[in-house]
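The numbers here are math on the coordinates, done by the rules we state, and not lab data. Every value quoted in this text rests on a predicted model; they were computed, and no experiment measured them. Note: ideal-geometry Cβ built from the backbone for every residue, glycine included; neighbour counts use all protein chains shown.
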Amino acid sequence: MTTPERPNRAAEPEDVPVLGDGPDTERVRRFWSVRRIPAALLAAAVLGGAGLLLYDVAAVRADHSAMSWRRELADELATRPLDSATTLAVAGAVVLLGVWLLVLAATPGLRAVLPMRRAHPDLRAGLDRDAAALTLRDRAMEVSGVQSVKVRVGRAKVDARAVSHFRPLDDVRADVQTALTAGVEELGLARTPALTVRVARPSKKG
């Protein structure tokens with residue numbers, strides 16, 4: 001009497017989790033921008049202001065007179081009323097600058113990069129919106145009857161406008177819809193955008 005051999009599970013390939021293909025998968029987030037220019041400008045402004053103020057304080061401590069701009073600023077703050085137009089304008093500008101910095105700190109940025117589905121939890125990929133639009137445009141141009149196509153790819157919507165110089169418009173629209181639907185799926189985006197297709201005849205010249 002022989003016993004059946006048990007399958008060697010150690011030899012089986014390990015399952016790799018695939019993210020972005022089911023209702024319970026992890027949400028793929030947008031890429032965060034480094035924002036080097038705003039950070040460099042803010043750092044330069046803070047460093048310059050702090051260095052100038054520190055130099056002036058050190059000069060006063062060394063029995064030198066304070067800089068004229070600091071004396072004038074102190075006099076203005078002591079004598080100018082808070083409800084003056086200049087004070088309100090400066091305060092409003094500072095508030096707007098602060099709100100802008102908070103928005104930059106709280107939002108991802110990189111709107112031109114669309115996150116793609118993650119085939120592995122340790123890997124992330126993104127697709128440039130212009131590259132996606134060019135790929136979809138090439139797919140639409142393969143449809144018979146299409147003369148020209150303009151494709152605009154957004155975060156949640158793909159808008160395609162085609163010009164057809166022969167064949168019925170309904171047939172061309174259906175073929176373009178089919179081609180672009182398959183093209184959008186092949187892009188592998190984490191969030192499949194809605195597709196809008198418009199087809200028209202060429203404009204008559206003269």
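Points worth noting:
- Dipole magnitude of region 133-206, debye to nearest 20 (Cβ charges: Lys/Arg +1, Asp/Glu -1, about Cα centre): 500 debye
- Answer label for semi-axes √(5λ) of the Cα gyration tensor in Å (calculated), chosen among (1) 57, 34, 13; (2) 26, 21, 16; (3) 38, 20, 17: (1)
- Estimated dipole of the chain in Debye, rounded to 20 [Cβ of Lys and Arg +1, of Asp and Glu -1, Cα centre]: 860 debye
- Mean ellipticity per residue at 222 nm, deg cm²/dmol - from DSSP H runs of n ≥ 4 across the chain, formula -39500 (n - 2.57): -15000 deg cm²/dmol
- Among 76, 185, 142, the largest mean-square fluctuation in a Gaussian network model of the chain, built with springs joining Cα atoms closer than 10 Å, belongs to 76.
- For the chain, built as a Gaussian network whose Cα springs stay under 10 Å, the top-fluctuating residue of 156, 85, 112: 85
- Scattering profile of region 130-181 at q = 0.13, 0.18, 0.21, 0.32 Å⁻¹ [log10 I(q)/I(0), Debye over alpha-carbon scatterers]: -0.26, -0.49, -0.66, -1.33
- Residue (of 114, 43, 183) at the positive-pole extreme of the chain, dipole from beta-carbon charges: 183
- Among 63-74, 187-198, sorting by the average number of other beta carbon atoms lying within 10 angstrom of each residue, highest first, gives 187-198, 63-74.
- Top of 131, 174, 50 by mean-square fluctuation, Gaussian network on the chain, Cα under 10 Å: 50
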